[in-house]
Amino acid sequence: MATAAINTKAIPIHFLGGSDEDAVKKAAADLALKLAPADAMNLETIDGRATTVDEAVQSIEKVREAILTFPFFGGGKLVWWKAVNFFDETGVGRHASVKEALEALQPDLAKVDGTSVTLLISALGIHKGRTFSKALLKVAQAKYFDLPDLRKTSEDEIIFQIERRMKTAGIRPGPGAAERFFQATGIDTSAWSQELEKLACFAGEGHAELTRDDVNRVISGSREVLIWDFCHAVLSGEAKPALAQLSALLAQDESEVGILILLAGQIRLAALAAVLRENRMLRLSRGSFTSAEVSPEGEAYLPRKKSGEPISTYALGQAAQRSQHRPARFWFQALALIYQAQKEMLTGESDKRRALELVVLEIVAG
C-alpha cells in the first residue's frame, strides 16, 4: 500500500521503493513521464540491476557521471536510476565494496538541484539503517509500496484488495472469483497484474460477471491451485478429484512427504474446526467467500502467532466448510493415519507414492 501522493515541483531527488515490485515499476514509470524534460536527449536511464559487485559499482559510477554532467542543449535533465537491487542486505548489496561505493556517492547527491538535474531512483528494497540510505532518505522525497503483510493483514482483507483491483480493471467479480484468484496467486502482485490482464480479456468476451469457474479456466495448473484443490478434495471426501490432483502434483515432482505435511496441516484445521463447531464456538458466514466467526471462548483454542495473536480464521473457515460433514473424532483418526504414513515413508517401510495414495483413499472413503 502506498503512502501519500508526491508533489513533483522542484524536488531534486525522488525515491520509490518497497516490496511490491510491480507497483514500484508502475509508479516509477508514471513519475518519469511527469518529470521527463521536453528534450528526450535530456533523459538518461541507468540500469540499477546488478548480479555482481562489479556491476553494482559500475552502476553507481554511471549515476555519479550522469548527475554531475549538465545537459548539452540546456534545460533540465532527468536521471532515472532504475530498479536498483543493492540498497539492502540481500544479493550484492551486502558486500563492503558496494556499501563503500554508495557512501562515496553521498556528497554528489547534494549537488542535485532539481532544476538543472533531477534524480529519480526506483529500488526493490532499502535497508534504512545504512549510512547511505539515511543520507539518501534525508534529501529525497520518498514513497513506499509494500506487499500486504500477512502478519498484519488478514487473508480476507487481501481478497477484498483483489476484488477492488478487479473492479478497477473493468472486471465484475462474482462470488468466489477473487478468493480463487488469491488461492492461485497468493500475494505476488506481479502475478496479479499479469493474470488480471488475462481475465479482463476473457471478461470482455461477453462475460458480464466473472465466476469462480471462469478464474479456473484462465488461471489453472499452478502449484498453489493444485495444492488447494487436492487438500480441499480430501477434506470434502471426493476421491476422484483428490487422486487426479495428487497425480498432477507428483507429475510436477512434488515431494510425497511434502504433500503429506501440507495435507496434515489442513486435517489439523479440520479437526480444530469440528471441535469448535461441536461446542458451538464456530459459525460459518458466506459473502463473496466463506469465513469463520469464532466466539471469544473459541479464540482461546486457536494457534498463536509469535506476536501472541490468534491466527487468521480464513484458512480455518475454508477447512471448516469442506469438512463439516464429518465429526471431530473422524479428523483425529485421519491425523493418526497421516502420522503412520509419514513414519512409513521416512523409515522406508513402504513405497512413498503408494503410502500417500492409500492414506488419501482411506480418508476420503471415511
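The values are calculated or read from the model by the stated rules, or taken from the named source; none is laboratory data. Note that the structure is a prediction, hence the values are computed from the model and not measured. Cβ atoms come from the backbone with ideal geometry, glycine included; neighbour counts cover every protein chain shown. With ligands, DNA and RNA removed, areas are computed over all heavy atoms of the protein, side chains included. Shrake-Rupley method; radii C 1.70, N 1.55, O 1.52, S 1.80 Å.
Worth pointing out:
- Selected from Leu243, Ala328, Gly48, residue furthest toward positive end of dipole (the chain; charges at beta carbon): Ala328
- Note on region 327-366: Kirkwood radius taken over Cα pairs, Stokes-Einstein applied at 10 °C and 1.306 mPa s, translational D equal to 155 µm² s⁻¹.
- FRET efficiency, 1/(1 + (r/R0)^6) with R0 56 Å, evaluated for Asn216 and Glu103 via beta carbons: 0.60
- Using the Cα coordinates of region 222-346, the gyration tensor eigenvalues translate into equivalent-ellipsoid semi-axes of 25, 16, 15 Å, sorted from longest to shortest.
- Cut-off of 10 Å, at most 13 other beta carbons, DSSP loop: longest stretch of the chain lacking such trypsin sites (Lys or Arg not before Pro): 153-279
- The C-alpha atoms of the chain define a longest principal axis, and helix 189-203 lies at about 70 degrees to it.
- Considering all different alpha carbon pairs of region 68-159, the Kirkwood hydrodynamic radius works out to 15.3 Å.
- With all projection directions averaged, the alpha carbon convex hull of region 110-188 covers 8.0 nm².
- Separation of region 8-43 and region 160-197, taken as the distance between their Cα centroids, equals 26 angstrom.
- All-pairs alpha carbon distance profile, region 287-366, 10 Å steps from 0, percent: 15, 33, 31, 18, 2
- Region 249-298: C-alpha pair distances exceeding 14 Å, %: 64
- Averaged over its residues, the chain has an accessible area of 51 Å² per residue, based on protein heavy atoms and a 1.4 Å probe.
- Flagged links, alpha-carbon separation over 20 Å, of Lys34/Lys143; Lys34/Lys134; Lys34/Lys167; Lys77/Lys128: Lys34/Lys134; Lys34/Lys167; Lys77/Lys128
- Within the accessible area of the chain (1.4 Å probe), percent carbon and sulfur: 52
- Inter-label distance for Arg286 and His127, nm, one decimal - labels placed 7 Å from Cα along Cα-to-Cβ: 5.1
- When only Cα pairs below 8 angstrom with a gap of at least 6 residues are kept, the chain shows a relative contact order of 15 percent.
- Annotation: extensible slack from Leu68 through Gln194 equals 41.5 nm (criterion: 0.36 nm per residue apart, minus Cα-Cα distance).
- In the chain, excluding the sites themselves, the longest stretch lacking any of the GluC sites (Glu not before Pro) that are in a DSSP loop with at most 15 other Cβ atoms within 10 Å is 210-348.
- Gained length - Lys134 relative to Ala40, 0.36 nm times residue gap less alpha-carbon distance: 30.7 nm
- Relative to the Cα centre, the charge distribution of the chain, modelled as +1 at Lys and Arg Cβ and -1 at Asp and Glu Cβ, gives a dipole magnitude of about 800 debye.
- Rounded to the nearest 10 degrees, the angle from helix 239-251 to the longest Cα principal axis of the chain is 40 degrees.
- Model label points for Thr115 and Leu250, set 7 angstrom from Cα along the Cα-to-Cβ axis, are 7.3 nm apart.
- Using a simple spin-label model with pseudo-atoms 7 Å out from Cα toward Cβ, Ala169 and Glu299 lie 3.5 nm apart.
- Fraction of the pair-distance distribution of region 41-106 above 13 Å, Cα-Cα pairs, percent: 61
- Per-residue ellipticity at 222 nm computed for the chain from its helices equals -17000 deg cm²/dmol, with DSSP H segments shorter than 4 residues left out and the rest contributing -39,500 (n - 2.57).
- For Lys26, a cut-off of 17 angstrom between C-alpha atoms picks up these aspartates and glutamates, skipping any fewer than 8 places away in its own chain: Asp47, Asp146, Asp188, Glu195, Glu197.
- For the chain, convex hull volume per residue from C-alpha positions, Å³: 184
- Leading residue at positive end of dipole, the chain (Cβ point charges), from Val360, Leu136, Cys231: Leu136
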